[in-house]
Amino acid sequence: MVHRVLSLALSAVLSDASVGGIKLISVADEIKLGRQAQKEVKSEIPEVGGAPGVYVSAIGRKLAAAARGPKYPYNFSIANYREINAFALPGGPVWVHRGAIQAAANESQLAGVLAHEIAHIAQRHAADQISKGVIANGLLGLLGAVLGISGGARTAQTGAEILAGGYMMKFSRDDEREADRVGVEIMRRAGWDARGMVEFMQTLRTRAGRDPGSVEVFLSTHPSPSDRVERLRAQLRGVRAGGRRDSAEFARIHATLAHMAPARAMPKR
Ligand SMILES: [Zn+2]
C-alpha cells in the first residue's frame with residue numbers, strides 16, 4: 001500500500017523534496033497527491049450523496065475548521081459500504097463508510113470517527129509514511145532521478161494506475177494514537193462531546209465479537225479498540241464533560257440510511 005502511494009509520489013507530484021528533512025513532500029504536493037487519489041477513489045467507490053452526504057460534510061467542515069496545522073482543502077464523502085471503516089487521503093479528502101454512520105449511536109460518535117481522520121491529515125501522517133517509505137527502501141537516489149523527469153499526461157496516468165486499489169494507507173501505531181489524541185482536541189474545540197470517540201470504540205469492540213467481518217478492515221489498520229479506549233479515557237480524565245452529543249438531524253439521516261437499499265460489501269482487495 002505504502003509502496004503504491006510512494007510510487008505515485010515519486011512519479012507524479014514530487015516538487016519540494018528535501019533529503020535532510022523528515023517530510024520529503026510539501027503540503028502542496030500532498031494536496032496534489034490527494035486530489036489525484038480522490039479522482040481514482042470516486043471512480044471506484046459507490047457513494048451516498050443527497051441529504052446524508054450534505055449532513056456528513058457539514059459536520060466534517062465544522063470539525064476541520066477546529067483543526068490546527070496547514071489549511072488543507074478538507075472534504076467529506078460517504079462510501080456505500082456496510083463495513084465499519086473510514087479513511088483519509090493525503091491533503092484533504094475524508095471518506096466514511098455508510099456502515100460506520102449506521103453503527104454510530106449518536107452524532108458525537110460519528111464526529112469522533114471524522115475527527116480522527118481529520119487529525120491524520122492535519123498532522124501530515126501521509127507525508128510521514130511516504131517519507132519513511134522512501135528512506136526505508138533506499139529510494140533516495142531514485143527520488144533524485146524522478147525529480148529530473150518532467151510531469152505530464154504520462155506520469156499522471158501512471159499515478160492513477162498505481163493508485164487503483166491502493167488508496168488506504170496504513171499508518172504507524174504512533175500516528176494512530178496521535179490521531180486519537182488530536183481528534184479528541186478537535187472535537188472539543190468544535191463543540192462536540194469527546195466521549196463520543198470512546199463510545200464508538202466500545203461499539204467496535206462489541207462488533208468484533210458479534211460480526212467480525214464488519215470490522216475486519218478497520219481492525220487490521222488500527223490498534224486494538226481496548227488499547228485506544230484506555231488511552232482516551234486517560235486523556236479525558238479530569239476534563240469536564242460537555243458538548244454536543246446528538247441532534248434531530250442525526251436521527252433523520254439514520255432513518256434515511258435505514259430505508260435505503262442495503263449497503264454493499266466492500267470488495268476484497
Ligand atoms: Zn487512523
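What the table below lists for this structure:
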item	result
Local electrostatic count at P223 - Lys and Arg +1, Asp and Glu -1, tallied over other residues with Cβ under 11 Å	-2
Estimated FRET transfer efficiency (Q102, S224; beta-carbon r; R0 22 Å; 0.05)	0.45
Virtual paramagnetic centre 7 Å along Cα→Cβ of Q202, amide N under 19 Å, in region 209-237	209-211, 224-237
Cross-link reach list, lysines versus K268, counting only Cα pairs under 26 Å and skipping chain neighbours closer than eight places	K39, K42, K170
Length released on extending from E249 to A51, taking residue separation times 0.36 nm less the Cα-Cα span	70.3 nm
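Readers should treat all values here as calculations from the given coordinates under stated rules, not as data from a laboratory. Given the structure is predicted, the values throughout are model-derived calculations rather than measurements. Neighbour counts are summed over all protein chains in view; Cβ atoms, including those assigned to glycine, are modelled from backbone coordinates with ideal geometry.
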